[in-house]
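Down below is the structure, laid out as structure tokens.
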Amino acid sequence: MFGGVSQRGAWPATIGRGKPASIADNGSFFEASQMKTQVIDGAALARSIRAGLGARVTALAGKNARPGLAVILVGEDPASQVYVRNKSRACEEAGIASFQHSLPASTSQQQLLTLVGTLNRNPAVHGILVQLPLPKHISADAIIRAIAPEKDVDGFHPENVGLLATGNARFVPCTPAGVMRLLAHAGVELAGKHAVVVGRSNIVGKPVALLLLEKHATVTICHSRTPDLGAVIRQADVVVAAVGKPRMIGAEMVKSGAAVIDVGINRIPDGPNAGKLCGDVDYAGLLGKAGCITPVPGGVGPMTIALLLENTVRAAEFAAPNG
Ligand code: NDP
């Protein structure tokens with residue numbers, strides 16, 4: 001069904017010429033032979049998810065309903081402006097109405113709360129997304145709590161976090177949901193496997209860990225106070241990197257054959273590729289060592305938008321008559 005994975009077949013991929021990986025004299029890990037690494041094409045999977053939403057949008061139209069997503073941007077952060085523009089464009093392509101609210105950085109918390117309240121009451125709006133980060137004088141927590149939980153398509157409201165934590169998710173946060181879909185698409189078996197999540201943010205690390213746990217993985221969460229990060233990651237069958245540090249996780253920190261999902265989106269700070277995007281892991285170094293891996297760009301990023309659209313359609317289905 002999906003054409004974008006460069007090497008299909010269940011993970012882990014087969015080892016090339018069959019020689020085992022070894023520990024070098026200096027203790028570092030090296031490969032005696034190359035492994036076939038499956039590159040997971042998130043852009044292609046995202047396209048197929050978006051295409052699959054068409055039938056659901058048509059079914060809603062039959063009930064005189066059109067999914068609607070309101071996106072609020074406060075301030076002029078260039079990266080956030082790009083994200084918001086991409087989300088609006090993706091909505092239009094999927095037949096979802098997009099309501100964009102771009103507010104100046106001087107907007108007060110009360111003004112933002114008032115707008116959220118208005119959108120909560122607007123029946124044409126099924127999903128509300130507040131682009132983070134917000135200016136420092138506004139409490140993201142207070143704004144997220146003000147969003148009606150049934151319109152919280154990001155899944156950040158405490159009610160939705162609680163539902164996720166108890167295995168009854170209403171909206172799975174988009175990036176963590178994307179991580180899980182990528183793993184499933186690559187055929188990665190999770191039950192009984194050791195998954196290491198690097199990063200413990202509310203929007204990525206923690207929910208990913210919960211979702212992996214739900215799939216019966218043994219989960220370790222690492223963060224900035226974790227001593228000897230490499231020693232922990234080397235135990236992992238599955239590595240999810242959500243740190244925000246360019247190529248921080250080197251190939252020597254990853255077990256041969258591990259599945260690697262790279263959530264990080266970073267700019268390369270220097271060198272010939274300065275300014276280009278890269279992830280949190282050493283992608284080039286892991287080709288031939290990881291069992292499967294997501295590229296940056298083209299891995300988790302496109303999935304996040306696809307699953308935002310899916311959550312919006314889901315919200316509209318909940319709200320539709322007999323939905
Ligand atoms: P946060 O900054 O909120 O969290 C980063 C996490 O990494 C923290 O838990 C932090 O630990 C941990 N960390 C920082 N330094 C280290 C270190 N040296 N060793 C181990 N852990 C460390 O980031 P987000 O979770 O919001 O995002 C992470 C990355 O994912 C970013 O690059 C972001 O751009 C990207 N992202 C990509 C998305 C996509 O669609 N592809 C969506 C969302 C994010 P501590 O808690 O101790 O500070």
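Could you give the nm distance between label points at Gln109 and Glu214, where each point is 7 Å from its Cα heading toward the beta carbon?
Simple spin-label model gives 3.1 nm for this pair.
Under a no-solvent Debye model with one identical scatterer per Cα of the chain, what's log10 I(q)/I(0) at q = 0.08, 0.13 Å⁻¹?
Taken in order of the listed q values, log10 I(q)/I(0) reads -0.39, -0.98.
To the nearest Å, what is the center-to-center distance of region 264-323 and region 70-86, using C-alpha atoms only?
Cα centroid to Cα centroid, the span is 17 Å.
Can you work out the base-10 log of I(q)/I(0) for region 161-212 at q = 0.13, 0.14 1/Å, using the Debye formula on its C-alpha atoms alone?
-0.29, -0.34
By count of other Cβ within 10 Å, fewest leading, how are Arg47, Arg181 ordered?
Arg47, Arg181
Which of Ala146, Asn120, Gln100 sits farthest toward the positive end of the charge dipole of region 67-213, with +1 on the Cβ of Lys and Arg and -1 on the Cβ of Asp and Glu?
Farthest towards the positive end: Ala146.
Going by how many other beta carbons lie within 10 Å of each one, how would you line up His126, His194, His223, His137, fewest first?
Neighbour counts put them in this order, fewest first: His137, His223, His194, His126.
Can you compute the label reach from Lys245? Point 7 Å from Cα along the Cβ direction, backbone N cut-off under 14 Å, restricted to region 194-220.
Counting only backbone N, you get 198-200.
Cross-link candidates for Lys36: which lysines have Cα within less than 23 Å, leaving aside residues fewer than 8 places away along the same chain?
Lys19, Lys193, Lys255, Lys289
Report, for the chain, the % of DSSP beta bridges that are antiparallel, rounded to 5.
15 percent
Determine which lysines satisfy two conditions relative to Lys245: a Cα distance under 19 Å, and not lying fewer than 8 residues away in the same chain.
By straight Cα distance, Lys245 reaches Lys206, Lys276.
What length, rounded to one decimal in nm, is gained on full extension from Ala148 through to Asn202, with 0.36 nm per residue of separation minus their alpha-carbon distance?
Working: separation 54, 0.36 × 54 = 19.44 nm, distance 1.85 nm.
Net length gain for the segment: 17.6 nm.
At what distance in nm do the modelled label points of Arg89 and Ser224 sit from each other, each positioned 7 Å from its Cα along Cα→Cβ?
Roughly 3.3 nm, to one decimal.
Every number here is computed from the coordinates shown, using simple stated rules; none is lab data. Computed from a predicted model, the values in this text were never measured in an experiment. When we count neighbours, we look across all protein chains shown, and the Cβ atoms used for this are built from the backbone with ideal geometry, even at glycine.
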